[in-house]
């Protein structure tokens, strides 16, 4: 069972100024969230880039279909009338910043036929003994999946026909259902503020608080001569996003302790960019493929806005066309 879950998780990962909603919906997230990421499949599939590059979409569909054929999930999806490329809209994953799986929380948005999903789950429960149980919390159907390998139980709830949430405990799931119904977020102020910087027009969004960064660096390897850990530890928060339009744009933003610290970080980053550009320019003269990296590097710019340090860049359509010409016949 664990191997099947691992495979489907890999499939999901492959598939990673007007007022707009945030990319990450705060009410879905637990109070202890320090790190959150969201993959917006609907935005990706509707982007001009994917519509124009049909070969990319066809390749992705073929890959996903091939992986699904190796698992029992394909039959389940078919019986539930669920098409990944049509009905799956977004996936949000949060943790407290540690590697503890008990802090993992998942929310999936899409078009679910709740009646078919529940009937299918009940049928699977009858065939699986104590592996799967279907219960109810008010009008929300609850699925309890116990992994035989470690007797760990995952609790998931299908809220209406649009949201599936999963949590490590029944209590955490019940609390989430209550938050969604009340439309009330209980996040820490710093995390909530970070999430407000995201947009549902982004293809991929990630935010982590200073506490999340600290936990993530606890066992991180040290690189001689590069104090990357020290640099990140000096941030109160970090956000990263990728947006597919006609091009692929990306942005990395960090919140420093104060405005002066942000300026110092930006200055150090500028030095690093200049060195990298000089190195890659030389390499591009020796290898045409290295010109692609130079093209991307030349789009990078570091700016500051108060205590925020912002790195922006892009993979233009021209650069992407060059890249595809190297990989495709």
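Modelled spin-label separation between residue 62 and residue 279, with each label point placed 7 Å from Cα along the Cα-to-Cβ direction: 3.6 nm.
The simple Förster model, with R0 at 35 Å and r as the Cβ-Cβ distance, assigns residue 268 and residue 50 a FRET efficiency of 0.45. Set the Förster distance to 30 Å, then compute FRET efficiency between residue 316 and residue 260 from the Cβ-Cβ distance, nearest 0.05. Efficiency at R0 = 30 Å is approximately 0.30.
Applying 0.36 nm per residue to the separation of residue 99 and residue 113 and subtracting their alpha-carbon distance, the gain on full extension is 1.7 nm. Modelled spin-label separation between residue 171 and residue 196, with each label point placed 7 Å from Cα along the Cα-to-Cβ direction: 3.1 nm. Of interest is the spacing of the C-alpha centroids, which for the stretch 254-274 and the stretch 96-118 amounts to 37 Å.
Both radii are taken from the alpha-carbon atoms of the stretch 2-187; with Rh as the Kirkwood radius, Rg/Rh is 0.96.
Computing FRET efficiency as 1/(1 + (r/R0)^6) for residue 21 and residue 75, where r is the C-beta to C-beta distance and R0 is 35 Å, gives about 0.50. Packing order of peptides 174-181, 260-267, 103-110, highest average first: 103-110, 174-181, 260-267 (average count of other Cβ atoms within 10 Å over each peptide's residues). Between the C-alpha center of the stretch 42-94 and that of the stretch 189-203 there is a gap of 25 Å. For the stretch 246-329, the convex hull spanned by the alpha carbon atoms encloses 81 Å³ per residue. The percentage of C-alpha pairs in the chain whose separation is greater than 34 Å is 32%.
A straight chain from residue 128 to residue 178 at 0.36 nm per residue would run longer than the Cα-Cα distance by 15.1 nm.
Rule-based calculations on the coordinates, nothing more; no lab input. From a predicted model like this one, the values you see are computed outputs, not experimental measurements. Positions of Cβ are generated from backbone atoms using ideal geometry, with glycine treated the same way; all protein chains shown enter the neighbour counts.
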